[in-house]
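Shown next, in structure tokens, is the structure this report addresses.
The values are calculated or read from the model by the stated rules, or taken from the named source; none is laboratory data. As the structure is a computational prediction, the values presented were derived from the model and not from experiment. Cβ sites come from the backbone with ideal geometry, for glycine too, and all protein chains shown count toward neighbours. Accessible surface is based on the protein model in full, side chains and every heavy atom, while ligands, DNA and RNA are left aside. Shrake-Rupley method; radii C 1.70, N 1.55, O 1.52, S 1.80 Å.
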Amino acid sequence: MTPMVNADSGAAVARDQDAKILVEHQRLPTSGARGVKPFVIDGTQYLAVPQLSQDMADTPAHMNGGDSDIPALIYRWTGGRFEKDGEFPLPGGEDIDVFQLGPDDFMISAAIRTGHGPYDYNVDQTLYRRSTAGWQPFQTFPGFAAKQWHFFRIGDRAFLALAQGVTLGHIESRNPRQSRIFEWDGARFTDFQTLDGQWGYNWQHFELGGDHFLCYADHVGASGVWKWDGTSFVPYQMIAETGGRCFRVFEAGNSTFLAFANIQGDTTLHRWDGTRFALHQTLSGPGGRELCVVRSGPELFLVQVNFITGAPSAPRTDQMSRIYRWIDRRMELVEEFPTFGGTEAATFEQDGNLYLAVSNSLTTDVRFRQDSIIYRFNT
């Protein structure tokens, strides 16, 4: 017998899906995913996923445990979905950035550690250049607990910034431990500037009124804005004393805004008043890890990805991450979505649709094998 289908019920489900901003499109089998990096090369859409660790049998669960000798994943967009295209050597993967210099494509990866206990946080960071044979090692940088690379330009000068470091007594640094900035000299990247931060997480470069600024987020030290004075970056404004995770800058209503995620405190929004960023709005309490600015036609959204609450020894990994819409000069909460040790969100467009990739890193019982998700951004 053919089962009866309630037409009203089916229509209600369709209406509910249409009303949601995020509609699940695809799940990717990842392990301790720490980021998502969409990029396009030769007209083909790719997605890189750095992975921190994989589960080991007969070992206690811990968010900083597991086997970190695991590769990053590379996916290729085919037939409206991502298919696995290959793997990328990146133990203890935290971040991947892709950029162009002249005619060349480069990929830079951040590895926080190697091994499966005890771990080594002194890891050479590798810059790759794309050739006809694929991604080939181009240059290495001595790193210590690396978290993020950020490529940016000032005029005809090109820079790479490395957020890194950790300040735990049982972890010894043999490589330089502070966050650093490198400059392209025409053939390679060379040392340019060292910052005071010692547990770095994130960078954001932006230009405002002809001036260049660089935001830097640090866990144990000050997170704030640095200003380019023509020869180097100098401290300009502190945003938080500790707990920094991410900065994002956007324009709205003829004003410039700075969003800041703090794992220990409030996630906040600041407005440029002509000389500094003044607090404009408090978005949420602790747990914020990453922010993503999304523009869809005339609409402006801010996605806040929450990581954990509680101590690393007993974290709550199941969180409700948030989507805000810009309404009447404020970010209004319009939707929440579940994340599990959420680490990053990034948008890309394909086939006439806008998508949001979200990386998840931990299960509710603090294991690493957790799917990351591709959503269709429905506006």
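Just a yes or no: is a residue in region 77-92 more than 28 Å from Arg157 (Cα to Cα), touching a Phe, Trp or Tyr at 6+ places or on another chain (Cβ under 7 Å), of a type in the set (Lys, Arg) and surrounded by fewer than 19 Cβ atoms within 10 Å (Cβ to Cβ)? Scanning region 77-92, I find at least one residue that is more than 28 Å from Arg157 (Cα to Cα), touching a Phe, Trp or Tyr at 6+ places or on another chain (Cβ under 7 Å), of a type in the set (Lys, Arg) and surrounded by fewer than 19 Cβ atoms within 10 Å (Cβ to Cβ), so the answer is yes. Within region 327-379, the set of residues being under 23 Å from Ser284 (Cβ atoms), among the hydroxyl-bearing types (Ser, Thr, Tyr) and in a strand (DSSP E or B) comprises Thr339, Thr343, Thr347, Ser359, Ser372, Tyr375. Taking the numbered list (1) part of a strand (DSSP E or B); (2) under 29 Å from Asp196 (Cβ atoms) in turn, Ile171 passes all entries but (1). When residues in region 153-166 are screened for being open to solvent by less than 60 Å² (accessible area, probe 1.4 Å) and more than 18 Å from Glu344 (Cβ to Cβ), 6 of them pass.
I'd like the full set of residues that are surrounded by fewer than 16 Cβ atoms within 10 Å (Cβ to Cβ), more than 19 Å from the chain's Cα centre (by Cα) and touching a residue at least 12 places away in the same chain (Cβ under 8 Å), limited to region 238-251. Reasoning before the result, please.
So the first thing to find is which residues in region 238-251 are surrounded by fewer than 16 Cβ atoms within 10 Å (Cβ to Cβ), and the list is 238, 241-242, 251.
Still in the list and also more than 19 Å from the chain's Cα centre (by Cα): 238, 241, 251.
Within region 238-251, Met238, Glu241 qualify.
Within region 267-290, the residues that satisfy the criterion of being in contact (Cβ under 8 Å) with a residue 40 or more places away in the chain, closer than 25 Å to Thr339 by Cβ and open to solvent by less than 10 Å² (accessible area, probe 1.4 Å) are Leu269, Gly288.
The residue that is surrounded by the most Cβ atoms within 10 Å (Cβ to Cβ), counting only those in region 39-75 that are of a type in the set (Gly, Ala, Ser) and in contact (Cβ under 8 Å) with a residue 60 or more places away in the chain, is Ser53.
Could you grab me the full set of residues in region 257-266 that are surrounded by 20 or more Cβ atoms within 10 Å (Cβ to Cβ) and either more than 19 Å from the chain's Cα centre (by Cα) or not β-branched (Val, Ile, Thr) (or both)? Steps first, please.
Going residue by residue through region 257-266, those that are surrounded by 20 or more Cβ atoms within 10 Å (Cβ to Cβ) are 257-263.
Scanning region 257-266 gives Phe257, Leu258, Ala259, Phe260, Ala261, Asn262.
The set of residues in region 194-237 being closer than 21 Å to Pro176 by Cβ, open to solvent by 30 Å² or more (accessible area, probe 1.4 Å) and assigned to a strand (DSSP E or B) consists of Thr194, Tyr201, Trp226, Val234, Pro235. Scanning region 125-152 for residues that are over 15 Å from Asp95 (Cβ atoms), open to solvent by 30 Å² or more (accessible area, probe 1.4 Å) and touching a residue at least 12 places away in the same chain (Cβ under 8 Å) yields Arg129, Arg130, Trp135, Phe138, Thr140, Pro142. Regarding region 184-195, can at least one residue be identified that is under 14 Å from Gly243 (Cα atoms), among the hydrophobic types (A, V, I, L, M, F, W, C) and in contact with a strand residue (DSSP E or B) (Cβ under 8 Å, 6 or more places away or on another chain)? No; the residues of region 184-195 include none that is under 14 Å from Gly243 (Cα atoms), among the hydrophobic types (A, V, I, L, M, F, W, C) and in contact with a strand residue (DSSP E or B) (Cβ under 8 Å, 6 or more places away or on another chain). The residues of region 349-369 that are of a type in the set (D, E, K, R) and either touching a His at 6+ places or on another chain (Cβ under 7 Å) or on the phi < 0 side of the Ramachandran plot (or both), listed by number, are Glu349, Asp365, Arg367, Arg369.
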